[in-house]
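A short worksheet on the structure shown next.
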Amino acid sequence: MTALLDINQLLDELETGLRNVLERRGIDNPALIGIRTGGVWVADILNKRLGLQQDFGELDISFYRDDFSRIGLNPTVTPSSLDFDTEGRDIILVDDVIMSGRTIRAAMNEIFDYGRPASIILATLIDLGARELPIQPDVVGKVLELETYQRVKLRGPEPLHIEFQETGQ
């Protein structure tokens, strides 16, 4: 396992990209939501960097996964925490890595159970492509192409870093 990417550089890219999207869309009071676990770590940092006025929300999408019936319940499931109303709000949804798009679909389903947002901006630290659903991030720290035997994992929260892993080839 090796750490090959500069996490601060990726976070800088995300922050700059989000500021540009928010300015272009005229959004001045977004609600930030991180997907557990890595997305929460990234959302915490972005919330501070963007100087948002409220705490960010946390989603645990375990019950919304489309493979729930096959993989069962993860023993570390904790309730989602959204201490604000999503109805009519502009939401920034944050995850660490996007690949197939299925995690994001599950997160949006859960958000809509809380209320219908005005918009959702998707920010991901790393985009691996390989979509199975037509879901694309609005802001990305870095786009990577990995070999089929490679994986990327965000580790943290202190220190926050990215590791590359190799599975059996």
Probe 1.4 Å, accessible area per residue of the chain, Å²: 55 Å²
For Gly101, other-chain or 5+-apart residues with amide H closer than 5 Å (H placed, Pro excluded) are Glu132
Give the percent of DSSP beta bridges with both residues in the chain that are antiparallel, rounded to the nearest 5. 30 percent
Heavy-atom accessible surface of the chain: percent carbon and sulfur, 1.4 Å: 46 percent
One would report the antiparallel percent of DSSP beta bridges in the stretch 93-164, rounded to the nearest 5, as 30 percent
Which label in (1) 27, 18, 13; (2) 24, 20, 15; (3) 51, 16, 14 gives the computed semi-axes √(5λ) of the Cα gyration tensor in Å: (2)
Run lengths n ≥ 4 of DSSP H only: what is the helix-derived mean residue ellipticity at 222 nm for the chain, with -39500 (n - 2.57) per run over all residues, to the nearest 500? -9000 deg cm²/dmol
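The values are calculated or read from the model by the stated rules, or taken from the named source; none is laboratory data. No experiment lies behind these values; they were computed from the predicted model shown. Just the protein is used for accessible areas: all its heavy atoms, side chains included, with ligands, DNA and RNA removed. Shrake-Rupley method; radii C 1.70, N 1.55, O 1.52, S 1.80 Å.
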